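The values are calculated or read from the model by the stated rules, or taken from the named source; none is laboratory data. Predicted model, so just to flag it, every value in this text is computed and none were measured. FYI the Cβ positions are ideal-geometry reconstructions off the backbone, even for glycines, and counts take in every protein chain you see.
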Amino acid sequence: MDVSQKQSDNFAAACRMTADLGLLRCSSGNMSWRVGDDLMLVSATRKWLGDLTADDISHVRISDGKVLNNSLPSTESLFHRGILKKRRDANVVLHFQSPAATTLACGNPENVNFNVFVEVPYYIGDVGIVPPAEPGSQELADAVIDISAKHDMIILKNHGLVAIGKDLNETIQKAAFFELACDVILRGGNNTVPITPELVDRIKQSAANKAV
Ligand SMILES: [Zn+2]
């Protein structure tokens with residue numbers, strides 16, 4: 001299957017938007033997008049998403065990881081591919097490193113209640129957490145792929161975040177809302193009061209009903 005110029009341009013524009021929103025800096029962060037049954041676009045290795053062009057995109061076969069053009073994919077493409085294989089309902093994976101969310105990822109995120117405003121339970125749901133592991137390693141990829149079965153937002157401890165979604169905008173929005181929630185938590189400190197568990201459940205239920 002061929003990748004159209006329009007698909008490449010749309011993907012590059014979405015990558016640049018992640019940087020414009022402050023979700024990552026320089027060469028940190030990478031994104032993938034399923035564009036066919038067995039084909040994904042991935043930002044190329046060491047490229048800055050903030051100035052990514054259609055020439056900086058790797059075409060990778062999802063089933064076996066074969067690179068189909070002459071751009072090498074991001075070193076984190078192991079988990080991008082694994083997530084898209086496992087999650088047939090998802091088409092986009094964004095690995096990002098925004099300031100507030102990364103701050104909490106470098107502490108004890110297990111102890112944080114992220115449900116501080118409605119967008120978190122509605123758009124993001126429960127957050128998964130994986131232990132520190134070497135970037136680009138099979139160990140990290142396995143942990144992220146495994147937990148992605150149940151979570152659209154994953155904290156990689158002492159590293160960053162992974163957001164999973166249906167399309168480019170929806171996934172970027174999840175990352176932006178999550179960053180805002182983490183910022184609210186850090187700025188508010190003890191004054192931040194999470195939503196009650198009962199209301200969180202109702203909001204999640206309403207999101208699930210809408211999704212059907
Ligand atoms: Zn990384």
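If D2 meets every condition in (1) among the acidic types (D, E); (2) closer than 27 Å to D89 by Cβ; (3) part of a helix (DSSP H, G or I) apart from one, which number is that one? Failed condition: (3). V193 passes every criterion in (1) over 25 Å from D89 (Cα atoms); (2) out of contact with any helix residue (DSSP H, G or I) (no Cβ under 8 Å at 6 or more places or on another chain); (3) crowded, with 17+ Cβ neighbours inside 10 Å; (4) β-branched (V, I, T) apart from (3). Is it true that L94 is part of a strand (DSSP E or B), within 12 Å of the ligand (Cβ to nearest atom) and either buried (at least 18 other Cβ atoms within 10 Å of the Cβ) or over 15 Å from the mean Cα position of the chain (by Cα) (or both)? The answer is yes for L94.
Within region 11-31, residues that are within 12 Å of the ligand (Cβ to nearest atom) have Cβ atoms under 7 Å from residues that are acidic (D, E) and part of a loop (DSSP other than H, G, I, E, B) in these pairs: N30/E76, counting only partners at least 6 apart in sequence or on another chain.
Per the listing F117, F79, the residue uniquely modelled with pLDDT of 95 or more and surrounded by 21 or more Cβ atoms within 10 Å (Cβ to Cβ) is F79.
Just a yes or no: is a residue in region 53-68 within 16 Å of the ligand (Cβ to nearest atom) and under 18 Å from I164 (Cα atoms)? No, there is no match, as no residue in region 53-68 is within 16 Å of the ligand (Cβ to nearest atom) and under 18 Å from I164 (Cα atoms).
Scanning region 49-91 for residues that are assigned to a strand (DSSP E or B) and among the aliphatic types (A, V, I, L, M), which turns out nearest to R16 (Cα to Cα)?
Step by step, filter region 49-91, then rank; the result is I57.
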